[in-house]
Amino acid sequence: MAKKSDPRETPMMRQYIATKAEHPDAMLFMRMGDFFEVFLDDAVEAAKLLGITLTSRNKGKEDEVPMAGVPHRSLQGYLPKLLEHGIKVAIMDQLEDPSEAKGLVKRGLTRIITPGTLLDEDALDDAQANYLVAITGFDAPIGIAALDCSTGEFLTEQADSSQQLSLALARLQASEIIIPETLAQNEFAHERIAELSANPDMTISPMSSYAWRAADARQVLCERYQISELDGFGIGPQDDHLCSAAAAALRYANEHAFDQLKHLRHIRRIYPGQHLIMDAVCQRNLDLLRNSRDNGKQGTLLHSIDRTRTAPGARLLAAWIARPLAEAQSISDRHDAVAALLKDNDARENLRDALEAVYDLERLLARVATGRCHARDLVQLAQTLEASKACQDLMQGQQWPALINADLSLLNPAPELTIRIQETLVEDPPLVISDGGMIRDGIDAGLDEVRAIKRDANTWLAAYQARESEACQIPKMKVGYNKVFGYYIEIGKAHTDKVPEHFIRKQTLVNAERYITPELKEYEEKALSAEDTIRSKELAIFGELRDLAESYIGSIQRCADALARLDVFACFADNAHRLHWCRPIVDESHALRIGGGRHPVVERVIGRDQFVANDCLLQAGAQDDAHYLAIITGPNMAGKSTYIRQVALAVILAQSGSFIPADEAHIGLVDRLFTRVGAGDELSRNMSTFMVEMAETAAILNNATHNSLVILDEVGRGTSTYDGVSLAWAITEHIHDSLHCRCLFATHYHELTSLAKDMAGVQNLTVAVAEENNDVVFLHKIIEGAATKSYGIHVAQLAGVPVPVIERARFILEHLEESKEKPQELQELKHTSPPPAMKPDNGQQLEIFATMPSPILDRLRQLPLDDYSPRQALDQLYKLQQDALKES
Ligand code: ADP
């Protein structure tokens with residue numbers, strides 16, 4: 001009886017299992033023919049996640065091995081789904097041609113793909129950088145490095161507190177974070193990172209401690225850049241933690257990409273103070289790059305302003321919005337560039353048209369540098385360099401501001417390369433380089449010669465056929481080719497008796513026989529070897545061309561940066577032109593004066609003529625009449641949130657270098673922007689809404705400076721009215737008295753409006769409402785003053801609450817308003833005394849309950865307690881309680 005063979009014990013499965021054992025945390029895909037196959041537990045998971053069929057080897061048997069596969073050309077398409085689920089994908093490819101393999105095909109790992117080490121896969125978002133971020137720990141000083149393998153961008157910075165770390169992570173929006181192994185063993189590390197990065201699903205990868213050792217790290221970096229000191233990158237002798245982070249990121253990227261990242265750029269150090277700081281909460285609240293609803297792009301600031309024409313331009317725009325500047329001169333330089341392009345309509349339009357022809361140069365270069373480029377990539381590279389030169393030409397002969405001039409000078413980095421590529425490669429080369437046919441005729445004499453042999457093949461075969469046909473007197477003779485026998489002669493059954501002896505029979509068909517001859521075999525060898533020769537010659541010429549391209553990487557990268565910047569300037573100018581945006585004055589003052597400001601996203605949705613523009617007139621500082629804290633009250637849906645957000649967005653746009661949606665604006669540099677807005681998706685962070693609200697508020701109160709801008713929307717709503725109003729009151733006092741910073745506070749607590757009486761810096765704003773008969777219209781116009789009514793019933797009606805309920809609510813409201821006692825005059829209260837809401841009979845909202853008629857309370861008020869003995873008093877108390885219980 002045959003011995004039962006264990007499917008796990010086949011040589012191929014042993015190969016698989018051994019490799020998997022080395023990388024247990026990755027899902028291993030092994031190339032088998034035209035498929036990438038996954039086995040065992042990975043197969044079960046892959047089938048579930050990718051919706052592919054789960055089959056098995058030895059199906060139905062006890063020892064069956066689960067198996068699933070995807071066509072090798074479609075693997076790229078499946079990657080995003082796996083990476084989204086935090087799965088690393090190991091690729092085991094065939095290292096030799098299976099047809100030439102003796103026995104088991106040699107296979108080996110060629111890449112391990114993780115979210116942070118993607119190169120040019122479909123999984124990459126064209127409009128966003130893809131950072132692999134390394135952090136040295138949670139204790140200051142913390143070294144942070146961010147490496148984008150797809151473009152070669154390499155940043156480093158230091159955080160002096162975990163809060164600064166959190167800010168950096170918010171800005172970078174890492175795809176994957178690497179931490180020292182020792183740190184990973186701390187059970188809270190993952191939780192901490194999820195919290196700091198505001199992403200519970202962040203892929204966190206530990207790296208062994210040796211990769212972080214500072215001395216080695218310095219050496220790794222110096223060797224990589226062929227330099228002896230890192231000072232040129234802003235990394236001094238003290239900055240060991242920066243070296244550790246950078247070297248760890250580099251090592252990790254190299255280990256996973258298996259290639260040298262030749263397109264790696266110089267390390268750029270980011271310093272705090274260079275940029276307007278915004279944390280993740282702020283970015284999310286303002287829907288800057290991703291919306292707070294579903295984390296998508298719809299409804300975001302970026303989406304509404306992105307008119308860039310190139311993918312690197314779109315990525316740069318996102319980076320500028322996430323990291324606005326905080327230096328007046330650099331901002332003004334950007335505004336100069338935008339103004340110049342706004343002024344010259346023709347130049348701007350021509351530039352934008354020329355940019356259309358530009359491919360994603362950064363990611364093209366990454367493919368060149370990692371040896372993964374095809375002939376088509378080089379053709380696109382040449383086309384892009386040509387388009388870039390065209391941009392330079394069309395802008396020439398004019399005076400441009402300094403930034404544009406500097407960029408224009410970088411746009412023609414490799415004219416020789418462009419020509420070489422165009423001369424060498426055909427215009428539309430095949431997708432795969434081994435298919436051949438990518439090199440033009442006339443480039444290499446040897447290549448032309450073998451090509452002639454191949455081209456002449458048909459003529460030779462036709463002549464051979466005619467010759468043999470005549471010699472044998474067989475009229476119907478056909479020369480053909482198949483993969484099994486190579487060239488053959490096919491002769492119909494009717495003529496097989498005339499076949500000469502030197503014909504060797506190879507195959508019998510129903511009506512014909514197939515033969516080979518020594519002469520045909522000899523020819524076949526020549527023809528086939530010509531094909532091999534052509535392929536290897538083409539590959540050699542292509543390789544030279546690729547090496548040449550690689551030697552230009554540095555200057556082409558600078559050209560790519562310049563194109564991206566010009567694209568963003570042109571995008572800003574285009575927005576300014578189409579949407580009538582203005583150039584803001586940005587300086588070192590503490591002003592926040594915006595005339596005719598609009599919300600860029602809401603305006604786009606409802607239309608320019610429908611949007612009501614509003615002013616903002618804040619000024620922090622010593623002037624007596626200057627208001628710097630605006631309290632905005634008004635009904636729901638009147639436009640309070642829109643207003644306070646539009647002011648914040650104007651600051652972000654202005655400091656990013658863009659013009660802004662307003663008629664005029666004067667903005668004193670904001671060092672940090674804080675927002676505390678509505679309830680977000682706190683559930684995912686497992687914190688109560690109120691707790692989150694207070695944590696965000698604490699962050700503001702502890703960190704805002706005189707130069708900050710604070711945007712508050714509804715602070716204190718997550719708790720009881722008394723608590724809420726008291727907190728809101730105290731917070732406002734603190735911002736006014738201690739922080740002295742510009743602040744917009746939209747609130748339902750009308751009580752807060754009385755603060756303006758005692759605090760010089762507070763201004764009351766409200767939203768105008770027109771009331772006619774029973775009709776209410778929200779005018780969306782921000783005016784000075786405090787709201788008098790809430791119009792909640794009106795909003796409920798708009799929202800479709802049934803008419804009987806609305807009518808009943810109106811009736812109750814009237815009743816309540818009639819029976820309401822006049823509220824105690826709030827003006828009497830100094831802001832230094834406890835806020836009025838601490839006393840339950842203050843504040844309109846509390847009043848409603850306090851004024852409900854109650855006979856028991858009336859009796860209580862009238863009890864002549866002084867006349868009672870203790871026993872009588874107790875009796876009365878029991879009686880009152882019994883009656884109260886009956887009433888309730
Ligand atoms: P609130 O914060 O007062 O509840 P919102 O700011 O959310 O109100 O605004 C509610 C709606 O009113 C918005 O979705 C928008 O359609 C409209 N709106 C707000 N501000 C304006 C404006 N300035 N001009 C026109 N429509 C506006």
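Look at Asn254 and say whether it is within 28 Å of Ala369 (Cβ to Cβ) and surrounded by fewer than 20 Cβ atoms within 10 Å (Cβ to Cβ).
So Asn254 fits the description; yes.
For the stretch 636-680, what are the residues that are among the hydrophobic types (A, V, I, L, M, F, W, C), within 14 Å of the ligand (Cβ to nearest atom), farther than 21 Å from Leu701 by Cβ and in a loop (DSSP other than H, G, I, E, B)? Spell out the reasoning first.
From the stretch 636-680, those among the hydrophobic types (A, V, I, L, M, F, W, C) are 637-638, 644, 647-654, 659-660, 662, 665, 667, 669-670, 673-674, 677, 679; that's our starting set.
After this cut, where a residue has to be within 14 Å of the ligand (Cβ to nearest atom) as well, the list is 637-638, 644, 647-650, 662, 677, 679.
Next, only the ones that are farther than 21 Å from Leu701 by Cβ stay: 637-638, 649-650, 662.
Matches in the stretch 636-680: Met637, Ala638, Ala662.
Quickly run through the stretch 149-163 and pick out the residues that are under 23 Å from Asp126 (Cα atoms), small (Gly, Ala, Ser) and at pLDDT 90 or above. Lay out the reasoning, then the answer.
Pass one, the stretch 149-163, residues under 23 Å from Asp126 (Cα atoms): 149-156.
Subset that is small (Gly, Ala, Ser): 150, 152.
Passing the criteria: none in range.
Only one residue in Tyr791, Tyr749 is surrounded by 14 or more Cβ atoms within 10 Å (Cβ to Cβ), within 16 Å of the ligand (Cβ to nearest atom), farther than 26 Å from Val710 by Cβ and among the hydroxyl-bearing types (Ser, Thr, Tyr), so which one is that?
Matching residue, one of Tyr791, Tyr749: Tyr791.
For the stretch 8-40, how many residues meet the condition of being of a type in the set (A, V, I, L, M, F, W, C) and surrounded by 20 or more Cβ atoms within 10 Å (Cβ to Cβ)? Working first, answer last.
Within the stretch 8-40, the subset of a type in the set (A, V, I, L, M, F, W, C) is 12-13, 17-18, 21, 26-30, 32, 35-36, 38-40.
Imposing the further condition that a residue be surrounded by 20 or more Cβ atoms within 10 Å (Cβ to Cβ) reduces the set to 26-30, 36, 38-39.
Selection size over the stretch 8-40: 8.
Would you mention how many residues in the stretch 337-389 are in a helix (DSSP H, G or I), without any contact (Cβ under 8 Å) to a residue 60 or more places away in the chain and farther than 30 Å from Lys262 by Cβ?
6
Consider the stretch 206-238. How many of its residues are closer than 23 Å to Asp160 by Cα and either in contact with a strand residue (DSSP E or B) (Cβ under 7 Å, 6 or more places away or on another chain) or loosely packed, with under 11 Cβ neighbours inside 10 Å (or both)?
Of the residues in that region, 11 qualify.
Restricting attention to the stretch 626-635, and to residues there that are under 17 Å from Gly668 (Cβ atoms) and surrounded by fewer than 24 Cβ atoms within 10 Å (Cβ to Cβ), which single residue is nearest to the ligand (Cβ to nearest atom)? Before you say what the answer is, go through the steps one by one.
So the first thing to find is which residues in the stretch 626-635 are under 17 Å from Gly668 (Cβ atoms), and the list is 626-630.
Retained after the next criterion (residues that are surrounded by fewer than 24 Cβ atoms within 10 Å (Cβ to Cβ)): 626-627.
Details: Ala626: 25, His627: 20 Å.
Looking at the filtered set, the residue picked out is His627.
State the number of residues belonging to the stretch 698-715 that are of a type in the set (Val, Ile, Thr) and modelled with pLDDT under 85.
Of the stretch 698-715, the ones of a type in the set (Val, Ile, Thr) are 700, 705, 710-711, 715.
If we keep only those that are modelled with pLDDT under 85 as well, we get 715.
Number satisfying all stated conditions: 1.
Hey, does the stretch 48-60 have a residue that's of a type in the set (Gly, Ala, Ser) and within 27 Å of Val432 (Cα to Cα)? Quick ask: steps written out before the conclusion?
Here is the first cut: in the stretch 48-60, the residues of a type in the set (Gly, Ala, Ser) are 51, 56, 60.
Pick out the ones that are also within 27 Å of Val432 (Cα to Cα) and you get none.
Scanning the stretch 48-60 turns up no residue that is of a type in the set (Gly, Ala, Ser) and within 27 Å of Val432 (Cα to Cα).
If I ask for residues that are outside any strand (DSSP E or B) and either closer than 27 Å to Arg598 by Cβ or within 11 Å of the ligand (Cβ to nearest atom) (or both), which ones from the stretch 770-788 would you list? Lay out the reasoning, then the answer.
So the first thing to find is which residues in the stretch 770-788 are outside any strand (DSSP E or B), and the list is 773-774, 785-788.
Correct list: Gly785, Ala786, Ala787, Thr788.
With respect to the numbered conditions (1) buried (at least 23 other Cβ atoms within 10 Å of the Cβ); (2) assigned to a loop (DSSP other than H, G, I, E, B), which one is the sole condition not fulfilled by Ala68?
(2)
Among what's in the stretch 614-625 and is more than 7 Å from the ligand (Cβ to nearest atom) and not charged (D, E, K, R), pick the residue that is modelled with the lowest pLDDT. It would help to see each step written out before you state the result.
Step one: filter the stretch 614-625 for residues more than 7 Å from the ligand (Cβ to nearest atom), giving 615-625.
With not charged (D, E, K, R) added as a condition, the list becomes 616-623.
Values: Cys616: 95, Leu617: 93, Leu618: 92, Gln619: 87, Ala620: 83, Gly621: 71, Ala622: 56, Gln623: 62.
The residue in question is Ala622.
So which residues in the stretch 225-269 are within 17 Å of Asp148 (Cβ to Cβ), polar (S, T, N, Q) and part of a helix (DSSP H, G or I)?
Across the stretch 225-269, the qualifying residue is only Asn254.
For the subset of the stretch 89-108 comprising residues that are surrounded by fewer than 17 Cβ atoms within 10 Å (Cβ to Cβ) and in a strand (DSSP E or B), which member is farthest from the chain's Cα centre (by Cα)?
We begin by selecting, within the stretch 89-108, every residue surrounded by fewer than 17 Cβ atoms within 10 Å (Cβ to Cβ); these are 93, 95-104, 106, 108.
Okay, now just the ones that are also in a strand (DSSP E or B), so 93, 108.
Numbers: Asp93: 30, Gly108: 33 Å.
Checked the stretch 89-108; the qualifying residue farthest from the chain's Cα centre (by Cα) is Gly108.
Looking only at residues in the stretch 794-807 that are within 15 Å of the ligand (Cβ to nearest atom) and aliphatic (A, V, I, L, M), which one is surrounded by the fewest Cβ atoms within 10 Å (Cβ to Cβ)?
Ala799
Residue under question is Arg604, and the condition is that it be at pLDDT below 95 and either over 19 Å from Ile783 (Cβ atoms) or away from the ligand (no atom under 16 Å from the Cβ) (or both); does it hold?
On the way: at pLDDT below 95: yes; either over 19 Å from Ile783 (Cβ atoms) or away from the ligand (no atom under 16 Å from the Cβ) (or both): yes.
Yes.
Consider His590 against the criteria (1) crowded, with 24+ Cβ neighbours inside 10 Å; (2) modelled with pLDDT of 90 or more; (3) in contact with a strand residue (DSSP E or B) (Cβ under 8 Å, 6 or more places away or on another chain): it satisfies all of them except one. Which criterion is unmet?
Condition not satisfied by His590: (1).
Among the residues of the stretch 397-446, write down those that are hydrophobic (A, V, I, L, M, F, W, C) and either free of Cβ contacts under 8 Å to residues at least 12 places away in the same chain or part of a loop (DSSP other than H, G, I, E, B) (or both). Give the derivation first.
Of the residues in the stretch 397-446, the ones hydrophobic (A, V, I, L, M, F, W, C) are 400, 402-404, 406, 408, 410-411, 414, 417, 419, 421, 425-426, 431-433, 438-439, 443, 445.
If the condition is that a residue be hydrophobic (A, V, I, L, M, F, W, C) and either free of Cβ contacts under 8 Å to residues at least 12 places away in the same chain or part of a loop (DSSP other than H, G, I, E, B) (or both), then Trp400, Leu410, Leu411, Ala414, Ile419, Val426, Leu431, Val432, Met438, Ile443, Ala445 are the ones that fit.
Considering Asp139, Asp148, Asp160, which residue is out of contact with any Lys or Arg (no Cβ under 7 Å at 6 or more places or on another chain), under 21 Å from Asp360 (Cα atoms) and not hydroxyl-bearing (Ser, Thr, Tyr)? Before you say what the answer is, go through the steps one by one.
Values: Asp139 fails: under 21 Å from Asp360 (Cα atoms); Asp160 fails: under 21 Å from Asp360 (Cα atoms).
Within the list Asp139, Asp148, Asp160, the selection yields Asp148.
Any residue in the stretch 637-650 that is of a type outside the set (Gly, Ala, Ser) sitting within a Cβ distance under 6 Å of a residue that is part of a helix (DSSP H, G or I) and within 8 Å of the ligand (Cβ to nearest atom)? List the pairs, counting only those 6 or more apart or interchain.
Cβ pairs passing all conditions: Thr642/Val602.
Just name the residue that is surrounded by the most Cβ atoms within 10 Å (Cβ to Cβ) out of those in the stretch 752-769 that are over 22 Å from Gly621 (Cβ atoms) and away from the ligand (no atom under 14 Å from the Cβ). Lay out the reasoning, then the answer.
The initial filter retains those residues of the stretch 752-769 that are over 22 Å from Gly621 (Cβ atoms), namely 752-754, 766-769.
Among the residues that remain, those that are also away from the ligand (no atom under 14 Å from the Cβ) are: 752-754.
Values: Leu752: 27, Thr753: 20, Ser754: 24.
Applying the filter and picking the extreme gives Leu752.
Kindly list, by first and then second residue, each pair from a residue in the stretch 876-887 that is surrounded by 13 or more Cβ atoms within 10 Å (Cβ to Cβ) to a residue that is among the basic types (Lys, Arg), limited to pairs with Cβ atoms under 7 Å and residues at least 6 apart or on different chains.
Cβ pairs passing all conditions: Leu880/Arg859.
One line per residue, one yes/no per condition, for (1) in contact with a Pro (Cβ under 9 Å, 6 or more places away or on another chain); (2) crowded, with 19+ Cβ neighbours inside 10 Å:
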position: Met395; (1), (2): no, yes
position: Gln399; (1), (2): no, no
position: Leu403; (1), (2): no, yes
position: Ser409; (1), (2): no, no
position: Val432; (1), (2): no, no
position: Asp448; (1), (2): no, no
position: Ala471; (1), (2): yes, no
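Determine whether Ala211 is in contact with a helix residue (DSSP H, G or I) (Cβ under 6 Å, 6 or more places away or on another chain) and assigned to a loop (DSSP other than H, G, I, E, B). Give the derivation first.
Working: in contact with a helix residue (DSSP H, G or I) (Cβ under 6 Å, 6 or more places away or on another chain): yes; assigned to a loop (DSSP other than H, G, I, E, B): no.
No, not satisfied.
Look through the stretch 172-188, keep the residues that are surrounded by fewer than 19 Cβ atoms within 10 Å (Cβ to Cβ) and in a helix (DSSP H, G or I), and return whichever of them is nearest to the chain's Cα centre (by Cα). I'd like the intermediate steps shown before the answer.
Going residue by residue through the stretch 172-188, those that are surrounded by fewer than 19 Cβ atoms within 10 Å (Cβ to Cβ) are 181-182, 184-188.
So of that shortlist, the ones also in a helix (DSSP H, G or I) come out as 181-182, 184.
Details: Glu181: 27, Thr182: 29, Ala184: 25 Å.
The selected residue is Ala184.
The values are calculated or read from the model by the stated rules, or taken from the named source; none is laboratory data. Keep in mind that this is a model prediction, so the values were computed, not measured. All Cβ positions, glycine included, derive from the backbone under ideal geometry; neighbour counts span all protein chains shown.
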